[in-house]
Amino acid sequence: MDNQYHDAPADVLAAIQRWVQYRDYPGSFVCRLLCNDLIGTYRAADEASLAALPTILRYLHNEVPTNCYGSEAKFSAWGSGAPPATDNDHLILKASPRTRRVLQSYLDAAHDVGEAKGERVAK
């Protein structure tokens, strides 16, 4: 079970987690995915993301709160709200140990960059 999401690109899972945890807007592929725009998702996907789409969708379904994705309205509402008070680090716990290290490193770097720019970063 630990390897459940290992074939999904780490940067995609990290972008999803940053969306859930910090409401940081992701790139076009993840935005289209979270808005439930199939054609837009396909057009914005790189080869690795497209190949891993079933795994990414399983991750969304199993690990991500449904109030932050699924339609453009939900996506917009989540993005305009305040960051949640809860800790959502559990979203990466089902990834392989290697993927977890990459995700955490990626999240830490993105978080640090946000702080360096003086952007709002919730903890």
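For the range 16-51, residues that are part of a loop (DSSP other than H, G, I, E, B) and closer than 19 Å to P83 by Cα total 6. Restricting the range 1-39 to residues that are acidic (D, E) and touching a residue at least 40 places away in the same chain (Cβ under 8 Å) leaves a set whose member that is farthest from H61 (Cα to Cα) is D24. Condition first: more than 16 Å from S76 (Cβ to Cβ) and either among the polar types (S, T, N, Q) or at pLDDT below 95 (or both). Can you find one or more residues in the range 29-39 that meet it? No; the residues of the range 29-39 include none that is more than 16 Å from S76 (Cβ to Cβ) and either among the polar types (S, T, N, Q) or at pLDDT below 95 (or both). Answer yes or no as to whether L13 is assigned to a helix (DSSP H, G or I), in contact with a helix residue (DSSP H, G or I) (Cβ under 7 Å, 6 or more places away or on another chain) and surrounded by 13 or more Cβ atoms within 10 Å (Cβ to Cβ). Answer is yes for this residue. Under the condition of being in a loop (DSSP other than H, G, I, E, B) and either at pLDDT 95 or above or within 13 Å of the chain's Cα centre (by Cα) (or both), the residues counted in the range 53-86 number 5.
Would you mention how many residues in the range 38-51 are buried (at least 17 other Cβ atoms within 10 Å of the Cβ) and either out of contact with any Phe, Trp or Tyr (no Cβ under 9 Å at 6 or more places or on another chain) or among the aliphatic types (A, V, I, L, M) (or both)? The qualifying residues number 2. Would you be able to say whether some residue in the range 89-98 is touching a helix residue (DSSP H, G or I) at 6+ places or on another chain (Cβ under 7 Å), part of a helix (DSSP H, G or I), surrounded by 11 or more Cβ atoms within 10 Å (Cβ to Cβ) and at pLDDT 95 or above? No, the conditions are met nowhere in the range 89-98. Is it true that P54 is surrounded by fewer than 17 Cβ atoms within 10 Å (Cβ to Cβ) and under 23 Å from H6 (Cβ atoms)? Judged against the criteria, P54 is a match. Of the listed requirements (1) of a type outside the set (S, T, N, Q); (2) more than 18 Å from V30 (Cα to Cα); (3) surrounded by 13 or more Cβ atoms within 10 Å (Cβ to Cβ); (4) at pLDDT 60 or above, G114 misses just one: (4). Whenever a residue of the range 40-52 is modelled with pLDDT under 95, it has no partner that is of a type in the set (F, W, Y) and outside any helix (DSSP H, G or I) lying with C-beta atoms less than 8 angstrom away and at least six residues away or across chains.
The values are calculated or read from the model by the stated rules, or taken from the named source; none is laboratory data. The structure displayed is predicted, hence computed values, not measured ones. No Cβ is skipped: glycine too gets one built from the backbone with ideal geometry, and neighbour counts run over all protein chains shown.
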